[in-house]
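**Student:** Right, I'll just put the structure down here and ask away after.
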Amino acid sequence: MEILSLDLTNFRNFSAQKIAFSKNLTVIIGANGSGKSNILEAVSLLSGIKSSRVETDLDLIKFGKTEAKIEGTLDVSKLTINFQVVDETLRGSPQDSGQAGQAFVRKAYFVDSIKKRLLDFVDHFSIIEFSPFDLDLVVGSPSLRRHHLDILLSGLDRDYWRAISSYNKVVVRRNKVLLRILEHQAKPSELDFWDERLIEHGVIVSRVRQDFFEYLNFVEKKDYSWELKQSLVTAEKLAKNRERDISAGVTLSGPHRDDFQFLFRERNLEYFGSRGEQRMAVLALKLAELEYFAFKKGVRPVLALDDIFSELDWEHREAVLSVIGKQQTIITAAEPESLPKEIFKKAKVVELR
């Protein structure tokens, strides 16, 4: 699984940019603001991952433009994502609806010029990325950690993708019924159908997440570990908590309440870890995810390291260097001096101006 080249049109700060990658190691050097992180973002989007750096896809399109394109040539196929700004006001008169419309982005996915569903598009390319933003996984909200899990596991398992998508829709619909019951507009028995659907999809989500963490803690046998805090959904639990859910107007148990902790020698790093320990724990997680992907798929994803070497101590630099040669790797840095000298002996260097 390798990306040979990337062609960007009106994406982020680039009007037009093409980069050819080495099949082994590519180092992208550029000052802050030159767009090196945007390149990795574009590569990640080719894997079907939604960008976590923007609130809406409108921010991915160069200011003043209405269309953008990401095109990646792989060793076996070509992937394309087209972005088109659509003005909602064109669909009808704002006066008729009582409110102004809002622009949004319509995306289309192509494999070798053949249009695909996103579900089919994601099978063709995968990437594991480590960036400074990932430190938020340790200290950020549980929803951020769940989102990270869902992105990773959905790219590995179609059943998980379907289950988590369906589960989230069921939670929304069940919550609407709870509110209607609270307002005396529906009967509690109307929850029975949604409880069954919640269990049907929630069981799959919980099982895949549990398998993943069992693998993580089996592979990473050193000081770091990860503890999954699951909120399992069963018929007995839903029945027991029904009145509580009705009073709150929301579903208070289930995988949408899951969380996980980063541990260093059994110590919770969210509360008792230095920034350095938190950084190393995220790096350990990413490297373990890399091995999990290879274990599940039989191929290794691309590894992307976004300006992280200046943040690592000697031991963890060595850990990264030891894994670089196992798959195609893309590294970014603001200054060449921040990277170990031995990297340049085997790397293709791309400089952004």
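**Student:** Identify, by number, the condition in (1) under 18 Å from S131 (Cβ atoms); (2) outside any strand (DSSP E or B) that L305 doesn't meet.
**Tutor:** In the conditions (1) under 18 Å from S131 (Cβ atoms); (2) outside any strand (DSSP E or B), L305 misses (2) alone.
**Student:** Which one is nearest to S141 (Cα to Cα) among residues in region 271-314 that are open to solvent by 60 Å² or more (accessible area, probe 1.4 Å) and in contact with a strand residue (DSSP E or B) (Cβ under 9 Å, 6 or more places away or on another chain)?
**Tutor:** Top of the filtered list is F272.
**Student:** Kindly indicate which of V233, V208, V203 is on the phi < 0 side of the Ramachandran plot, open to solvent by 20 Å² or more (accessible area, probe 1.4 Å) and aliphatic (A, V, I, L, M).
**Tutor:** Going through V233, V208, V203 in turn, the sole match is V203.
**Student:** Moving on to the next point. If R279 satisfies all but one of (1) assigned to a helix (DSSP H, G or I); (2) in contact with a Pro (Cβ under 9 Å, 6 or more places away or on another chain); (3) at pLDDT 90 or above, what's the number of the condition it fails?
**Tutor:** Single failed check for R279: (3).
**Student:** If I ask for residues that are among the aromatic types (F, W, Y) and either within 13 Å of the chain's Cα centre (by Cα) or not in a helix (DSSP H, G or I) (or both), which ones from region 126-162 would you list?
**Tutor:** F130, F133, W161
**Student:** At pLDDT below 95 and farther than 24 Å from I331 by Cβ, is that true of L119?
**Tutor:** Answer is yes for this residue.
**Student:** Being closer than 26 Å to T329 by Cα and touching a strand residue (DSSP E or B) at 6+ places or on another chain (Cβ under 6 Å) is the filter here, so list the residues in region 126-160 that pass it.
**Tutor:** I127, I128, E129, F130, S131, V138, R145
**Student:** Turning to a different aspect of this structure: Is there a residue in region 226-242 that is polar (S, T, N, Q) and more than 27 Å from H201 (Cα to Cα)?
**Tutor:** no
**Student:** Among the listed residues L252, L285, identify the single one that is more than 20 Å from V208 (Cβ to Cβ) and out of contact with any Pro (no Cβ under 8 Å at 6 or more places or on another chain).
**Tutor:** Of the residues listed, the single one that is more than 20 Å from V208 (Cβ to Cβ) and out of contact with any Pro (no Cβ under 8 Å at 6 or more places or on another chain) is L252.
**Student:** Residue by residue through region 187-222, note down the ones that are basic (K, R) and either more than 19 Å from F260 (Cβ to Cβ) or part of a helix (DSSP H, G or I) (or both).
**Tutor:** Residues satisfying the conditions are K187, R197, R207, R209.
**Student:** List every residue pair whose Cβ atoms lie under 7 Å apart, where the two residues are 6 or more positions apart in sequence or sit on different chains, the first residue falls within region 163-181 and is free of Cβ contacts under 8 Å to residues at least 12 places away in the same chain, and the second residue, located anywhere, is surrounded by 22 or more Cβ atoms within 10 Å (Cβ to Cβ).
**Tutor:** Listed pairs, sorted by first residue: none to list.
**Student:** Is it the case, given these coordinates, that R242 is at pLDDT below 95 and farther than 18 Å from H148 by Cβ?
**Tutor:** no
**Student:** Among the numbered criteria (1) of a type in the set (F, W, Y); (2) exposed (fewer than 14 other Cβ atoms within 10 Å of the Cβ); (3) at pLDDT below 95, which single criterion is violated by F193?
**Tutor:** The single condition F193 does not satisfy is (3).
**Student:** Just the residues that are within 20 Å of E243 (Cβ to Cβ) and either among the polar types (S, T, N, Q) or open to solvent by 20 Å² or more (accessible area, probe 1.4 Å) (or both), please, taken from region 164-185.
**Tutor:** R173, N175, K176, L179, R180, L182, E183, H184, Q185
**Student:** Residues that are assigned to a helix (DSSP H, G or I), farther than 30 Å from L191 by Cα and of a type in the set (S, T, Y): does region 237-251 have at least one?
**Tutor:** no
**Student:** In region 19-57, how many residues are within 14 Å of L74 (Cα to Cα) and surrounded by fewer than 17 Cβ atoms within 10 Å (Cβ to Cβ)?
**Tutor:** Of the residues in region 19-57, 3 are within 14 Å of L74 (Cα to Cα) and surrounded by fewer than 17 Cβ atoms within 10 Å (Cβ to Cβ).
**Student:** In this structure, does F11 turn out to be closer than 24 Å to A334 by Cα, buried (at least 19 other Cβ atoms within 10 Å of the Cβ) and more than 22 Å from the chain's Cα centre (by Cα)?
**Tutor:** The answer is no for F11.
**Student:** Scan region 328-346 for residues that are touching a residue at least 40 places away in the same chain (Cβ under 8 Å) and open to solvent by less than 20 Å² (accessible area, probe 1.4 Å) and jot them down.
**Tutor:** Q328, T329, I330, I331, T332, A333, L339, I343
**Student:** Do any residues in region 219-242 that are closer than 30 Å to A281 by Cβ have Cβ atoms under 8 Å from those of residues that are open to solvent by 60 Å² or more (accessible area, probe 1.4 Å) and modelled with pLDDT of 95 or more, where the two are at least six apart or on different chains, and which pairs are they?
**Tutor:** Matching pairs, first to second residue: L228/Q210; Q230/Q210; S231/R257; V233/V203.
**Student:** If V349 satisfies all but one of (1) surrounded by fewer than 20 Cβ atoms within 10 Å (Cβ to Cβ); (2) farther than 27 Å from S5 by Cα; (3) over 25 Å from the mean Cα position of the chain (by Cα); (4) touching a residue at least 12 places away in the same chain (Cβ under 8 Å), what's the number of the condition it fails?
**Tutor:** It fails just one condition, (2).
The values are calculated or read from the model by the stated rules, or taken from the named source; none is laboratory data. No experiment lies behind these values; they were computed from the predicted model shown. Counting neighbours? That spans all protein chains shown, and the Cβs are built from the backbone with ideal geometry, glycine included. Note: accessible area is taken over every heavy atom of the protein model, side chains too, but ligands, DNA and RNA are not part of it. Shrake-Rupley method; radii C 1.70, N 1.55, O 1.52, S 1.80 Å.
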